[in-house]
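We did not get these values from a lab; they are worked out from the coordinates using the rules stated. This one's a predicted model, so the numbers in the text were calculated from it and none came from an experiment. No Cβ is skipped: glycine too gets one built from the backbone with ideal geometry, and neighbour counts run over all protein chains shown.
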Amino acid sequence: MERVAIIYHSGVAEYDFGAGHPFRGDRFPRFMSLLDAHGILSRPEVQVVEPEAAVNPDLRLAHSDGYIRLVERLAARYAPLSGDTPLTPAIPRAARLIVGAALKAGELVAGGGFKVAEGVGGGLHHAGRDYGGGFCVFNDVAVCARALLERRGLERVLIFDSDAHAGNGTMDIFYEEPRVLYLSVHQDPRTIYPGTGFIDQIGGGAGEGYTVNIPLPPGADDACMELVLERVLKPLARDFRPQAIIRNGGSDPHFRDGLASLGLTFNGLRAIGEAVADAASAAGCGVIDLCCSGYNPETVAEGWLAILSGVTGIEADLVELCPPRRSDPRLLKRTETVIDALAEKLSGYWSLG
Ligand SMILES: [Zn+2]
């Protein structure tokens, strides 16, 4: 029986940007209630683990001291970090718990005998070394990856970012780092925040070839994602031979999401999880899974569960409340074209399918 950890602290609910903001903190306890309703929390292989808040030496794995101080200073004054990311004193406190959850997930997978660890609240991928925004204060994905390298001695960590938005913060932090292969599939950044994440951004210096961006056309559906998983994730993971896989991204690729315009169903989200589990199994490593995004209250928690179900193999019956859009073959064709161009761009580094 393969052990699964759910890393959860009730304090993450304070990661809440207030009434009228698309990111509210009630998503976290709702996800835990949904896991409970599906009987997942009482399964013998599942263990709920409470994380500790990350401290400054943890945050410094991915952020500058000046930025950490800036966040605390702004939060104390209730001043915004960026136009879309208001701060209160509670936000950095909760953000530290989110980073702590990712660190705990990394520890349990790298040395604690767990095959999968789910960090509830993770994936704040828009925060860079010296900046934040896009609802992201501290980059838990980057801190977790860096801790696996520096504290656990790992040499190869694969980050698969399946959020609808490109992970500009994570990309920037590891742009010149060959020990971290950063693979991001997202909605075409010409049509959505953060406006970066193009196929010609492939890393620099020693990290050239270790950043891979796959921009999908708006509307891209399950079939498009399946193609990405088969032609990009699978061969990259096979050739890179990761010692840990960090997958991040929540429910915003779902077709009913309020902020993004992709076309995935719960089945498509589950397929992401399954492909990650297959890649991890082929590499003989574990998976750190981080979820926080999603901007439709009716699909946020369900989408996370779909992904978790795929990663762990635990069945969860999820019902779409609206019929998905009809599949459009032109979207698949456009996705094929993107992957062909990417394969060409990366031909000196990797053989894509
Ligand atoms: Zn997103």
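Here are the numbers:
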read-out: Bins of 20 Å, starting at 0 and running to the largest distance - Cα pair percent for the chain; value: 34, 61, 5
read-out: Hits among lysines - C-alpha to C-alpha of K345 under 24 Å, sequence gap 8 or more where chains match; value: K234, K333
read-out: Sequence-separation-based contact order of region 4-345, relative, with Cα cut under 8 Å and 6+ spacing, percent; value: 16 percent
read-out: Region 60-179 shape via C-alpha gyration tensor axes, a/c threshold 1.5; value: prolate
read-out: Cα-only Debye scattering, region 193-320: base-10 log of I(q)/I(0) at q = 0.09, 0.14, 0.22 Å⁻¹; value: -0.26, -0.63, -1.42
read-out: Region 36-65 versus region 259-302: alpha-carbon centroid distance in Å; value: 18 Å
read-out: Burial ranking of peptide ranges 237-244, 63-70, 327-334 (average Cβ count within 10 Å, highest at the top); value: 237-244, 63-70, 327-334
read-out: Helical segments meeting 20 Å axial Cα length and Kyte-Doolittle -0.5 threshold in the chain (DSSP H); value: 90-111, 266-283, 329-345
read-out: Order by protection proxy (mean Cβ within 10 Å, highest first), peptides 141-149, 36-44; value: 141-149, 36-44
read-out: Mean Cβ neighbour count within 10 Å, used as a protection proxy, ranking 23-29, 260-266, 247-253 highest first; value: 247-253, 260-266, 23-29
